[in-house]
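The values are calculated or read from the model by the stated rules, or taken from the named source; none is laboratory data. Bear in mind the structure is a predicted one, so any value in this text is a computation, not a measurement. FYI the Cβ positions are ideal-geometry reconstructions off the backbone, even for glycines, and counts take in every protein chain you see.
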Amino acid sequence: MITMKRYLYDGTADGLFSAISWILAEESEPEKVMLVEREQTLFEEGLFINTDTLQAEALFSRLRSRAPDAAYTIYMFMLATHSGMESSLLHYFALAFTHGDKVNGYLTHQSVRDIVSIAKKVGRELHRMKGLLRFEKLQDGAYLAKMEPDNNIIQPLANHFRTRLAAQHWFLYDVKRRVAARWSNGVLQFGTIEQVTTPALSEDEKKVQALWQTFFKTIAIADRKNPRLQKSNMPMKYWKYLTEKQGE
């Protein structure tokens with residue numbers, strides 16, 4: 001039976017990358033290492049690794065130079081809602097530094113399969129939200145889009161729309177996480193919102209929404225209606241903020 005060394009980190013992203021960087025530098029066989037979040041219990045077993053922000057940034061920079069596709073996979077993975085996968089991420093890092101971008105093809109390796117699978121799920125949701133997000137024009141002329149994604153994808157979404165809607169003043173609001181992105185005058189900002197009062201829509205927006213709902217119902221062909229296919233392409237969990245699905 002293989003006894004795995006156990007290391008602890010503080011639960012932050014910087015702490016996680018710091019720990020991985022330290023382990024890769026100090027351990028010759030990272031596959032035999034376990035990395036977990038510290039629980040602050042009295043008799044917790046393992047060596048705690050202090051957080052070093054510069055070390056964390058340097059680790060990701062090195063990986064981006066060595067294996068940009070693997071670095072992007074890790075970026076997407078870190079946007080996911082997950083827990084208890086620190087050891088898998090450590091092992092993925094080790095393999096990526098050894099094999100470069102070929103690592104994503106080693107799906108027979110459990111850690112690689114776990115990381116790649118989750119990263120792909122995040123990527124699919126990000127792609128889907130680019131098409132399903134609905135911006136509403138407010139009375140002050142700004143645009144607001146609300147969402148409740150499974151994963152914390154507001155940053156890559158905002159970066160997508162900063163080029164698509166560069167001339168507009170807009171907000172993205174993740175209702176579930178209470179975080180928002182604001183684009184105004186060429187500046188993109190992120191922040192947390194504790195309390196939200198839904199702003200009033202402009203009169204033009206109300207008319208556009210009414211016309212869109214009428215158009216959506218008019219073009220529907222009853223004989224070709226396929227609810228299962230529709231829910232596959234546009235899952236019901238996203239319908240809450242879709243203009244065309246209101247009232248269904």
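Which residues, taken from segment 19-49, are of a type in the set (S, T, N, Q) and modelled with pLDDT of 90 or more? Talk me through it step by step, then tell me what you get.
First pass over segment 19-49, keeping only residues of a type in the set (S, T, N, Q): 21, 28, 40-41.
Ser21, Ser28 - these are the residues of segment 19-49 that are of a type in the set (S, T, N, Q) and modelled with pLDDT of 90 or more.
From the list Pro156, Pro199, which residue is surrounded by 11 or more Cβ atoms within 10 Å (Cβ to Cβ) and within 23 Å of the chain's Cα centre (by Cα)?
On the way: Pro199 fails: within 23 Å of the chain's Cα centre (by Cα).
Matching residue, one of Pro156, Pro199: Pro156.
Against the definition (surrounded by fewer than 19 Cβ atoms within 10 Å (Cβ to Cβ), of a type in the set (Phe, Trp, Tyr), modelled with pLDDT of 95 or more and outside any loop (DSSP other than H, G, I, E, B)), how does Tyr92 come out, yes or no? Break it down into steps so the answer makes sense when it comes.
Details: surrounded by fewer than 19 Cβ atoms within 10 Å (Cβ to Cβ): no; of a type in the set (Phe, Trp, Tyr): yes; modelled with pLDDT of 95 or more: yes; outside any loop (DSSP other than H, G, I, E, B): yes.
Criteria not met by Tyr92.
Would you check which residues across segment 50-72 are among the hydroxyl-bearing types (Ser, Thr, Tyr) and part of a helix (DSSP H, G or I) and list them? Steps first, answer last, please.
Step one: list which residues in segment 50-72 are among the hydroxyl-bearing types (Ser, Thr, Tyr), which gives 51, 53, 61, 65, 72.
Of everything in segment 50-72, those that are among the hydroxyl-bearing types (Ser, Thr, Tyr) and part of a helix (DSSP H, G or I) turn out to be Thr53, Ser61, Ser65, Tyr72.
It is to be established whether one or more residues within segment 203-214 are surrounded by 10 or more Cβ atoms within 10 Å (Cβ to Cβ), in contact with a Lys or Arg (Cβ under 7 Å, 6 or more places away or on another chain) and outside any helix (DSSP H, G or I).
Scanning segment 203-214 turns up no residue that is surrounded by 10 or more Cβ atoms within 10 Å (Cβ to Cβ), in contact with a Lys or Arg (Cβ under 7 Å, 6 or more places away or on another chain) and outside any helix (DSSP H, G or I).
Residue under question is Tyr106, and the condition is that it be in contact (Cβ under 8 Å) with a residue 24 or more places away in the chain, surrounded by 14 or more Cβ atoms within 10 Å (Cβ to Cβ) and more than 21 Å from the chain's Cα centre (by Cα); does it hold?
Numbers: in contact (Cβ under 8 Å) with a residue 24 or more places away in the chain: no; surrounded by 14 or more Cβ atoms within 10 Å (Cβ to Cβ): yes; more than 21 Å from the chain's Cα centre (by Cα): yes.
No; evaluated as a whole, the condition is false for this residue.
When the residues of segment 5-33 are filtered to those that are in a loop (DSSP other than H, G, I, E, B) and without any contact (Cβ under 8 Å) to a residue 40 or more places away in the chain, which remaining residue is surrounded by the fewest Cβ atoms within 10 Å (Cβ to Cβ)?
Keep residues of segment 5-33 that are in a loop (DSSP other than H, G, I, E, B), which gives 10-12, 27-29.
Next, from what is left, pick out any that are without any contact (Cβ under 8 Å) to a residue 40 or more places away in the chain: 11-12, 27-29.
Numbers: Gly11: 14, Thr12: 13, Glu27: 15, Ser28: 6, Glu29: 10.
Result: Ser28.
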